[in-house]
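The structure appears below as structure tokens.
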């Protein structure tokens, strides 16, 4: 059994990243469901029917986008926070606070190699998501559309990673790494 103690720095970064991703998923969920521009436009249109006012579909969509813009601004702000958190995360190994995930170590079990490769793939996808998000917001307008197409795919890897991550935690907790959940929360050492 591998005994792991998570430092305070590690735990703060871990939970800040997890909470940020949760908030991002909420903004994406809202954008795809209740705050969808077509749903909001329909609500406006239904309201206007009772007031004898008429707007074109284009005007309704423009108004719907303006209504949901503050929510979408939060998506952008959280993206900036994640850029900062991952910048810190990637520099911490140089200061000895966190380890680099090395899947090439021949002494590792297949399970540990799978874990390390999963994290490396997650980090690569996250870098692509953050870079495309920054280009969408800060880059030249001609890159916006192709970057949006790539950026939209982020939700798929993120949901898959979260599912694998949670499944791995539960498997570890109920097999050979009992207490892993309490260690990532409180940093407590093994009592063995």
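From 185, 160, grab the single residue that is farther than 21 Å from residue 79 by Cβ and within 22 Å of the chain's Cα centre (by Cα).
185
Can you find even one residue in segment 101-112 that is surrounded by 14 or more Cβ atoms within 10 Å (Cβ to Cβ), within 23 Å of residue 177 (Cβ to Cβ), at pLDDT below 95 and within 18 Å of the chain's Cα centre (by Cα)? Before you say what the answer is, go through the steps one by one.
First, the residues of segment 101-112 that are surrounded by 14 or more Cβ atoms within 10 Å (Cβ to Cβ): 101, 103, 108, 112.
Now restrict to residues that are within 23 Å of residue 177 (Cβ to Cβ): 101, 103, 108, 112.
Keeping just the survivors that are at pLDDT below 95 gives 101, 103, 108, 112.
Restricting the remaining residues to those that are within 18 Å of the chain's Cα centre (by Cα) gives none.
No, there is no match, as no residue in segment 101-112 is surrounded by 14 or more Cβ atoms within 10 Å (Cβ to Cβ), within 23 Å of residue 177 (Cβ to Cβ), at pLDDT below 95 and within 18 Å of the chain's Cα centre (by Cα).
Taking segment 43-56, which residues are more than 19 Å from residue 33 (Cα to Cα), at pLDDT 90 or above and not in a loop (DSSP other than H, G, I, E, B)?
Listed by number, the residues that qualify are 47, 48.
In segment 169-186, which residues are modelled with pLDDT under 90, closer than 24 Å to residue 23 by Cβ and surrounded by 13 or more Cβ atoms within 10 Å (Cβ to Cβ)?
181, 184
Take the conditions out of contact with any strand residue (DSSP E or B) (no Cβ under 6 Å at 6 or more places or on another chain) and within 28 Å of residue 44 (Cβ to Cβ) and apply them to residue 148. Does it pass? Don't jump to the end; show me each part of the working.
Details: out of contact with any strand residue (DSSP E or B) (no Cβ under 6 Å at 6 or more places or on another chain): yes; within 28 Å of residue 44 (Cβ to Cβ): yes.
Criteria met by residue 148.
The values are calculated or read from the model by the stated rules, or taken from the named source; none is laboratory data. Please read these numbers as outputs of a predicted model, since none were measured by experiment. Every residue, glycine as well, gets a Cβ built from its backbone with ideal geometry; the counts of neighbours run over all protein chains shown.
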